[in-house]
């Protein structure tokens, strides 16, 4: 069973702080990693993708990947109340036909 | 560019009844996915189509769920008969060929009573 594990939270951070969201995966054949944001009652929205070890930055978001440790994280700098949502980690493998395996998500609450 | 369309947005049925959901993907997207998202869980893949062929339906409960994608565009997902545990949001997503980047529709929230 290929697992994608996330702490369900809620993770509470004050406005302006850095939010750190973590994800581990069990399938060593995984090669593509994604973070989706899902507001309550809405559908998931892709916010970051990462394919190589290291960091990838996009605005206030940084994704970090360590394939040796089977670990991927998302940092949100200068967190805003509008960042309050559930963040889903998704993992894909070359043999999965581009299907994604999602974690349960981490609920983030940014308090003013 | 229009996004993924789904209907209906909400559906309430009694157990043992049947229900059908419709999805229209983004124009030109060859790959279409149906996911089930139970409250508090991540989306779980039910079935993946490439054009009008099935790529993966290993997690589709085939005794009660069926799906088709006629002419490689629109798709329908059917549940017959429904059970209480089928209460969930059914998400349709699409992507261009040979890419992981999926775009989700608004979903259909199903409540089975």
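The values are calculated or read from the model by the stated rules, or taken from the named source; none is laboratory data. None of these values were measured; they are calculated from a predicted model. Backbone-built Cβ (ideal geometry, glycine too); neighbour counts: all protein chains shown.
So here's what we get for this one:
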item	result
Qualifying position, being within 14 Å of chain B (Cβ to nearest Cβ), in contact with a strand residue (DSSP E or B) (Cβ under 9 Å, 6 or more places away or on another chain), crowded, with 18+ Cβ neighbours inside 10 Å and modelled with pLDDT of 95 or more, among A:93, A:99, A:85	A:85
Criterion violated by residue B:97 - all others in (1) farther than 19 Å from residue B:18 by Cβ; (2) part of a loop (DSSP other than H, G, I, E, B); (3) touching a strand residue (DSSP E or B) at 6+ places or on another chain (Cβ under 6 Å) satisfied	(3)
Selected residue [under 25 Å from residue A:14 (Cβ atoms), assigned to a strand (DSSP E or B) and away from chain B (no Cβ under 14 Å)] from A:55, A:78	A:55
Out of A:70, A:38, sole residue that is in contact (Cβ under 8 Å) with a residue 24 or more places away in the chain and within 21 Å of residue B:4 (Cα to Cα)	A:38
Those residues of the stretch B:56-72 which are over 27 Å from residue B:16 (Cβ atoms) and touching a strand residue (DSSP E or B) at 6+ places or on another chain (Cβ under 7 Å), in sequence order	B:56
Residues being buried (at least 20 other Cβ atoms within 10 Å of the Cβ) and either touching a residue at least 40 places away in the same chain (Cβ under 8 Å) or more than 9 Å from chain A (Cβ to nearest Cβ) (or both) - total across the stretch B:12-42	10
Boolean, residue B:81 is assigned to a loop (DSSP other than H, G, I, E, B), touching a residue at least 24 places away in the same chain (Cβ under 8 Å), out of contact with any strand residue (DSSP E or B) (no Cβ under 8 Å at 6 or more places or on another chain) and away from chain A (no Cβ under 11 Å)	yes
Filter pass, residue B:2 being crowded, with 21+ Cβ neighbours inside 10 Å and farther than 20 Å from residue A:102 by Cβ	no
Residue among B:75, B:87 that alone is away from chain A (no Cβ under 13 Å) and surrounded by 22 or more Cβ atoms within 10 Å (Cβ to Cβ)	B:75
Single match in A:31, A:38, A:6 (criterion: crowded, with 16+ Cβ neighbours inside 10 Å, within 14 Å of another protein chain (Cβ to nearest Cβ) and in contact with a helix residue (DSSP H, G or I) (Cβ under 8 Å, 6 or more places away or on another chain))	A:31
Single condition residue A:48 does not satisfy, out of (1) free of Cβ contacts under 8 Å to residues at least 40 places away in the same chain; (2) surrounded by fewer than 17 Cβ atoms within 10 Å (Cβ to Cβ)	(2)
Residue match in the stretch B:43-60 (condition: surrounded by fewer than 20 Cβ atoms within 10 Å (Cβ to Cβ), within 11 Å of the chain's Cα centre (by Cα) and under 22 Å from residue B:3 (Cβ atoms))	yes
